[in-house]
Amino acid sequence: MRSPLALRRPRVAASVLVLSALLTLVALLTLVIAPANTAHGSNASTSACALQGTTGYTDEGQQTDYNRFQKPEGTKRVGVIYVDFPDAVGTTTPLDRYYNQISGAADWMWKASNGKVWLDMKAPYGNWVRMPKNSTDYNWARGFSWDTHRVYLKDALAGAADAGVDLSGYDMFYIVPTSTAAAITHTPTWVQDPANPTWVWNKATNAWVLIKWAVTFGQDMWLWGYKVADHETGHTFGLPDLYAFNGEQHQYVGGWDVMGKVSGPAPQFLGWHTWKFGWITDSQVSCLSTNGTYSTNLNGVEYGGSGYKLAVIKTSATTAYVAESRKAANNDSGACATGVLIYKIDTSVASGSGPVRVVSNPKAAAPTGNCSALDMQTWKPGQTFQDDTARIRIHVNSSDAYNDTVWTYKW
């Protein structure tokens, strides 16, 4: 291990390009999974700290299969379709109340991506699309299958096409049910299976349209608000769930990422996720993959710019410790604590089982108000985390309103 007096700057690598909710109404969100295939698309990071995923679907690996998931870049054309049912008739028009409940997702994603992703949401049919089955006939229960989910999606979009909607004008769809459809409880994400494509006849163009991604909202949208759309859209970008499928629901990351607790106080995507998305490049990641010592000035993940955003210490082929600076700004304006957030990444761990785990600080302040203990787990100047088994150390050296300086050690 090198002395702090011998600190050196990280090497700069090449730039990169780089569902929810099977939730009971007050609880969870999770992704409906189709059979996995070998990933064909891949992010282009050349960093030694860019861990590869091993689960075959959504995970924290740097690579993402863009034959299945959509790239988190540019404008995403989102068609908002309102549906009702023979047993749950939509009687409210106009539908502004429904649109306004989710439309804030666009601004949130714009801020989260520092202007790299815009959700261009449009409701092309301002009335209810009647579904051919009762709401209770869609088997909207925890554990329903990808195929069951597809039936619902195809019914909704076929009805929209019959009503004159040109399905070919959209990258993805948000399907919003009437508030009287109590059986449509939770909000799952639907992601295509390229080996089993989903086609819907599009009357506007007299041709078939391939459907790739959709969020099918449930009544929990009235609980979670627009950030449930950001959480679910994160799944279409290839992110796993960070809350626990079993045991205490928010035991792993608390409210530090919208993929964990949607209503958490600091929901900005973790810096690791912004790297996976390509919103930051390899040159903004201080990577320590061999024995040594680095000093890194970390700029808050809530801000844009070209400065360092992550200090990563690789500990195995699938694991790493990450330090990032968190500030009460932009999407994190309600953060319970600021400073350096330290967490462990394990790309071999599946969605819902803790692929990201925040490291607890024994000197963290006690929680107050609606803050949980995990929401307080930042590290301050003079504080040090050390894992003797992994042979790593992270020391916080200094802090200001926009940055935190950390020393990372590996021996």
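Enumerate the pairs (first residue in the range 215-226 and more than 23 Å from Leu157 (Cα to Cα); second residue anywhere and hydrophobic (A, V, I, L, M, F, W, C) and surrounded by fewer than 24 Cβ atoms within 10 Å (Cβ to Cβ)) with beta-carbon separation below 7 Å, excluding pairs fewer than 6 apart on the same chain, so at least 6 apart or on different chains.
From residues that are more than 23 Å from Leu157 (Cα to Cα), the pairs are Leu223/Leu25; Leu223/Val26.
Has the range 315-329 got any residue that is of a type outside the set (Val, Ile, Thr), touching a Pro at 6+ places or on another chain (Cβ under 7 Å) and surrounded by fewer than 20 Cβ atoms within 10 Å (Cβ to Cβ)? If you could, list the steps in order and put the result at the bottom.
We begin by selecting, within the range 315-329, every residue of a type outside the set (Val, Ile, Thr); these are 316-317, 320-321, 323-329.
Those still in the list that are touching a Pro at 6+ places or on another chain (Cβ under 7 Å) too: none.
No, the conditions are met nowhere in the range 315-329.
Filtering the range 156-185 down to residues that are in a helix (DSSP H, G or I) and under 27 Å from the mean Cα position of the chain (by Cα), which residue is farthest from Pro94 (Cα to Cα)? Quick ask: steps written out before the conclusion?
Filtering the range 156-185 for residues in a helix (DSSP H, G or I) gives 156-162, 167-169.
Those left that are additionally under 27 Å from the mean Cα position of the chain (by Cα): 156-157, 167-169.
Values: Ala156: 19, Leu157: 20, Leu167: 22, Ser168: 25, Gly169: 23 Å.
Filtering first and then ranking leaves Ser168.
When the residues of the range 285-300 are filtered to those that are open to solvent by 10 Å² or more (accessible area, probe 1.4 Å) and within 21 Å of Thr378 (Cα to Cα), which remaining residue is nearest to the chain's Cα centre (by Cα)? Lay out the reasoning, then the answer.
First, pick out the residues of the range 285-300 that are open to solvent by 10 Å² or more (accessible area, probe 1.4 Å): 287, 289-291, 295, 297, 299.
In the following step, the residues that additionally are within 21 Å of Thr378 (Cα to Cα) were identified as 287, 295, 297, 299.
On the way: Cys287: 23, Ser295: 29, Asn297: 26, Asn299: 21 Å.
The qualifying residue nearest to the chain's Cα centre (by Cα) is Asn299.
Among the residues of the range 379-399, write down those that are assigned to a loop (DSSP other than H, G, I, E, B) and of a type in the set (A, V, I, L, M, F, W, C). So that I can check it myself, show each step before the final result.
If we filter the range 379-399 for residues that are assigned to a loop (DSSP other than H, G, I, E, B), which is where we start, we get 380-383, 388-391.
The one that is assigned to a loop (DSSP other than H, G, I, E, B) and of a type in the set (A, V, I, L, M, F, W, C): Ala390.
Specify which of the listed residues (Trp222, Trp190, Trp201) is outside any loop (DSSP other than H, G, I, E, B), farther than 17 Å from Ser103 by Cβ and either modelled with pLDDT under 95 or open to solvent by 60 Å² or more (accessible area, probe 1.4 Å) (or both).
On the way: Trp222 fails: farther than 17 Å from Ser103 by Cβ; Trp190 fails: either modelled with pLDDT under 95 or open to solvent by 60 Å² or more (accessible area, probe 1.4 Å) (or both).
None of the other options fit; the residue is Trp201.
Residue by residue through the range 110-147, note down the ones that are surrounded by 15 or more Cβ atoms within 10 Å (Cβ to Cβ), out of contact with any strand residue (DSSP E or B) (no Cβ under 9 Å at 6 or more places or on another chain) and hydroxyl-bearing (Ser, Thr, Tyr).
Ser113
If you go through the range 82-109 one residue at a time, how many are out of contact with any helix residue (DSSP H, G or I) (no Cβ under 7 Å at 6 or more places or on another chain), open to solvent by less than 30 Å² (accessible area, probe 1.4 Å) and of a type in the set (Phe, Trp, Tyr)?
To start, the set of residues in the range 82-109 that are out of contact with any helix residue (DSSP H, G or I) (no Cβ under 7 Å at 6 or more places or on another chain) comprises 84, 86, 89-100, 103-104, 106-107.
Now restrict to residues that are open to solvent by less than 30 Å² (accessible area, probe 1.4 Å): 84, 90, 95, 98, 104, 106.
Add one more test, that the residue is of a type in the set (Phe, Trp, Tyr), and what stays is 98.
Going through the range 82-109 one residue at a time, the tally reaches 1.
Condition first: among the β-branched types (Val, Ile, Thr) and either open to solvent by less than 10 Å² (accessible area, probe 1.4 Å) or over 30 Å from Thr178 (Cα atoms) (or both). Now tell me which residues in the range 40-81 satisfy that. Reasoning before the result, please.
Step one: list which residues in the range 40-81 are among the β-branched types (Val, Ile, Thr), which gives 46, 54-55, 58, 64, 75, 78, 80-81.
Answer for the range 40-81, where residues must be among the β-branched types (Val, Ile, Thr) and either open to solvent by less than 10 Å² (accessible area, probe 1.4 Å) or over 30 Å from Thr178 (Cα atoms) (or both): Thr46, Thr54, Thr55, Thr58, Thr64, Val78, Val80, Ile81.
The values are calculated or read from the model by the stated rules, or taken from the named source; none is laboratory data. All values reported here derive from a predicted model rather than from experimental measurement. Ideal geometry is used to build each Cβ from the backbone, glycine not excepted, and the neighbour counts take in all protein chains shown. The area values use the complete protein model at the heavy-atom level, side chains included, leaving out ligands, DNA and RNA. Shrake-Rupley method; radii C 1.70, N 1.55, O 1.52, S 1.80 Å.
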